[in-house]
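Enquirer: Below is a structure I'd like to ask you about.
Nothing in this text is a laboratory measurement; each read-out follows from the coordinates by a stated rule. Note that the coordinates shown come from a computational prediction; the quantities given were computed from them, not determined experimentally. With ideal geometry, Cβ positions are generated from the backbone for all residues, glycine too; neighbour counts draw on all protein chains shown.
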Amino acid sequence: MSQEQEGTKAADGDSGDDTIVATVLRLTDTLTDDYGLVGQLDLLAGAATRLVGGAAAVVLLDDQQGRLAVMASTSEKIRRLAVTELEQGHGPALQCMRSGRTVSLDDFSADQALWAQYLVAARDSGFQAALAVPLRLREEVIGVLEILYDIAPATTVPLQREAAFLAEAAAIGILHQRINRRVVELAEQLQHALNSRVVIEQAKGMLAERRQLSMDAAFEALRHHARSHNVKLNEIAAQVIARTLDPPPAPAR
């Protein structure tokens with residue numbers, strides 16, 4: 001073999017690893033401007049068939065209320081099969097979600113009394129074997145990646161590591177995005193509260209000066225008017241600042 005051929009072979013050998021690494025980086029990157037959950041799950045399903053093997057793949061995600069939903073698939077055939085699995089209440093994806101562990105069915109033609117209805121539907125769809133791996137980070141399981149094979153492999157064991165690697169990367173990305181979203185929501189809530197407090201404090205000062213009240217009495221006037229008219233305090237304060245409202249002092253207790 002020539003030196004040039006050896007170099008080409010090495011490059012070809014590295015390309016598979018580069019593809020896996022690049023896919024994992026994309027699955028875990030939630031900071032891109034175009035990040036979208038559905039797009040990430042589509043990426044996971046496509047990568048599962050391309051890098052792990054299999055005829056088709058489907059991703060099911062927990063809706064955070066204890067129910068699985070089909071979120072991405074590489075074909076309509078596997079999507080329908082996943083929906084059937086959810087309707088029947090049994091199958092490899094559901095078992096994987098419940099146990100938090102990989103579930104493998106190496107050959108549908110073998111006697112599998114446990115999921116008879118699912119296996120009939122799977123064989124009718126042209127599939128012969130299945131591999132379901134959890135989307136999990138440590139003990140938190142948020143969904144399942146299910147890969148179906150139209151030709152039963154000798155065993156799915158060598159494929160489980162790669163599938164679990166991709167599924168875990170996707171889980172990290174999804175959970176990180178959820179944390180980021182919560183942080184943003186909390187920051188927005190805090191900023192809204194701070195803005196409201198500024199408006200209320202400004203209204204207190206204006207009302208105190210206008211009616212020659214103490215700051216405490218001015219605040220009581222604002223609060224009493226808000227409660228008696230079932231209006232939010234910051235809205236009353238904004239009207240006072242705009243000089244469209246001049247609430248009277250609160251009644252003596």
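Enquirer: Using a Förster distance of 22 Å, how high is the FRET efficiency between L194 and A242, based on the Cβ-Cβ distance and rounded to 0.05?
Expert: 0.65
Enquirer: Given R₀ = 51 Å, what would the calculated FRET efficiency be for S214 paired with I179, taking r from the Cβ atoms and rounding to 0.05?
Expert: 0.70
Enquirer: Could you tell me whether the range 157-253 comes out rounded, prolate or oblate from its Cα gyration tensor? Rule is a ≥ b ≥ c as square roots of the eigenvalues, rounded for a/c under 1.5, then prolate if a/b exceeds b/c, otherwise oblate.
Expert: prolate
Enquirer: Let me ask another. Below 11 angstrom from the Cβ of I200, what's the summed charge of the other residues (Lys, Arg +1; Asp, Glu -1)?
Expert: For residues surrounding I200, the net value is +2.
Enquirer: Okay, next question. Which whole-number percent gives the relative contact order of the range 184-241, counting Cα pairs below 8 Å spaced six or more residues apart?
Expert: The normalised contact order for the range 184-241 reaches 40 percent.
Enquirer: Still on this structure, please answer the following. Could you order the peptides 75-84, 139-148 from most to least packed, using the average number of other C-beta atoms within 10 Å per residue?
Expert: Ranked from most to least packed, the peptides come out as 139-148, 75-84.
Enquirer: Which loop-located chymotrypsin sites (Phe, Trp or Tyr not before Pro) does the range 74-150 contain, where loop means any DSSP state but H, G, I, E or B and the Cβ has at most 15 other Cβ atoms within 10 Å?
Expert: none
Enquirer: Let me ask something else about it. Would you order K232, K204 from fewest to most other beta-carbon atoms within 10 Å of each residue's own beta-carbon?
Expert: Ordered by Cβ neighbours within 10 Å, fewest first: K232, K204.
Enquirer: According to the square roots a ≥ b ≥ c of the eigenvalues of the Cα gyration tensor, what is the shape class of the range 184-241, taking rounded for a/c under 1.5, prolate for a/b larger than b/c otherwise, and oblate for the remainder?
Expert: Here the range 184-241 falls in the prolate category.
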